[in-house]
1. Between residue 160 and residues 5 or more places away or on another chain, which pairs have amide H atoms under 5 Å apart, with H built 1.01 Å from N, and which residues are they?
2. If one puts a single equal scatterer on every Cα of the range 144-188 and applies the Debye formula without solvent, what log₁₀ I(q)/I(0) results at q = 0.13 Å⁻¹?
3. Would you calculate the volume per residue, in Å³, of the smallest convex hull containing every Cα atom of the range 266-313?
4. Measure nothing but the geometry: give the 0 to 90° angle between the long axis through the Cα atoms of 342-354 and the longest principal axis through the Cα atoms of the chain, rounded to 10°.
5. Can you pull the one-decimal nm distance between simple spin-label points at residue 169 and residue 156, each 7 Å off the Cα toward Cβ?
6. On the Cα set of the range 85-167, report Rg and Dmax in Å, please.
7. Which one of 296, 332, 315 is farthest out on the positive end of the charge dipole of the range 226-346, using unit charges on Cβ (Lys, Arg +1; Asp, Glu -1) and the Cα centre as origin?
8. On a straight-distance basis, which aspartates and glutamates could pair with residue 232 in a cross-link, Cα separation under 13 angstrom, same-chain partners fewer than 8 positions away excluded?
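The values are calculated or read from the model by the stated rules, or taken from the named source; none is laboratory data. Model, not experiment: these values are computed from the prediction. Ideal geometry is used to build each Cβ from the backbone, glycine not excepted, and the neighbour counts take in all protein chains shown. What goes into the accessible areas is simple: the full protein's heavy atoms, side chains included, and nothing from ligands, DNA or RNA. Shrake-Rupley method; radii C 1.70, N 1.55, O 1.52, S 1.80 Å.
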Amino acid sequence: MRERIVILGTVTKTPVGGVIWQTLQYVLGLEQLGFEVWYVEAHARTPGMLMRTEHDDSSALAAGFIDAMLRPYGLEQQWAFHALHDDGRVYGISARELGQLYRNAVAIINLHGGTVPLDEHTAPGRLIYLETDPVQIQIELHDGVRSTEEFLDAHAALFTYAENLGDESCTLPVSDRFVFTPTRQPIVNDLWPASEPTSDAFTTVGNWKQLGRPVTFANRTLSWSKHAEFDKVIDLPARSPYPLELALSRADATDEAHLHAHGWRTVPALPMSMDPWLYQAYIGASQGEFTVAKEQNVAFHTGWFSDRSATYLASGRPVVTQNTGFDRVLPTGAGLFAFDDLDGAADALGAIAANPGEHRRAARAIALEYFDSDLVLGRLLDAAGITVRRPRAHAAELDLPEDLRLDLVSKRPSMLAPHTRTYLATRPVYRLAKSTPVEALPTVSIVVPTTDNLAFLRLCVESVLLASAAVTYELIVVASDAPDEVANYLRAIAHQNPRVRAVIAPERLSFAAATNRGMSHARGELLVFLNDDTVVADGWLDRLCAPLADPTIGMVGPLTSHPDALH
């Protein structure tokens, strides 16, 4: 039985793309390490952004939102919403089961510190505070704010994105009583496939003005808003080889007119942010990210780095961002640039324009080496005294009931019995161990076009993944005009195995067009094409690729799903 970890989150309070993806990286990253992860909200805040009228059932809306967020990854049974803002009802599981979950978890992670600890959170002695926005807490500790001390006292371990905290370069005050361990945003890199940009612009997504949460230290008041930092480089568009586009919330007409007058492009952030897939697509389409940091992190030199910028890097998009001191812990100068002034920002964009392909590759490499969820979360758990037990790989077989085995080996997939089709479409998604490092470039790219063929697609994909192969490969499945169950399955299996890359095309594509779409994402030197009803035998790929040693042969593919044809 897998050990359980609870993530206490706040997505329904701010249900936007950045918060959703930041949370999912923790949930999915810990699942990938072999834990059974439960996402729980018990923050006592009304989910107002989900409501259209004051009469809406806010708790039901929040529960539905959480279910929809986790369902694509096969985690629709691993969540709870505790409606402390209303009647205290527990959604997803019973109140008794929620209490048992807290008691049995090896860790309860208070993400963002957004949940005021309850007795049931603190009683097991395994509550972890994970600070994603530093400065305010540290100032309050310096000022002796009793409520802050009581809040942190409830936690067994403290982590912060202020990676320079305690370093001589960081002027943020350090508490002798409360010791914070540095960490950073984990990235499940296979969720952010690198492809060619389709936009001409460097972009970012965020709020223009956030006038709350100022801090005062040493007679200096520091803002939590980014608009004043953008004003320091307001003339950058005139010196940039790329258009600069800001996807903004909390900007009025005067703010936008000010930006437009200096050559910035603006688009509304909220429509894309309310859909995590549009948010992800906006990042993937960009040439890269240009952004600034909050004055608090810049002034104190905290070393904080944006979780959004990390996803740009993972998507193979170079990042140019204001220096918070992160250059002490992350490599800069290729794929990632830290600037201090207008000249530095212009120089960085110019360097990228001189060799964009090289900087895209360098950006992806930084994400793989420094933000990979296995690395980041493994270190966090180790610091918290929690042992990571890797999941074991399944045997190289489909693990089917005997009657289904006979059905599979005696017929073509198109002739499977109805009960076989039902079983294949509804059984749980395999939790396959990582057998190839995600940073390894594959030798072979296997492209599988599909539409609505879920039962046979599962048979194809899982037989490929469970077969032995000496060559390294990636499996690119292109789903065009596919129903939700197909898209959700592909996202789930891609999360479970980094070899799988799901390309979800909303439009209907022909077989040839879908194949070409898959080829555009291929990184392997060799190409193999499979129909989505192909069942492969153990060792099939090595035998199939043998003819490719002939330089006159550029691609291969099986003619039938019968295993004998692959010998």
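1. The answer is 131, 181, 183.
2. Ignoring solvent entirely, the Cα scatterers give -0.35.
3. Numbers: hull volume 4.8 nm³, N = 48.
Cα-based convex hull of the range 266-313, divided per residue, equals 100 Å³.
4. With both axes taken from Cα atoms, the answer is about 10 degrees.
5. About 3.3 nm separates the two model spin labels.
6. 14.6, 46
7. Value computed over the given set: 315.
8. Hits, sequence-local ones excluded: 295, 340, 341, 343.
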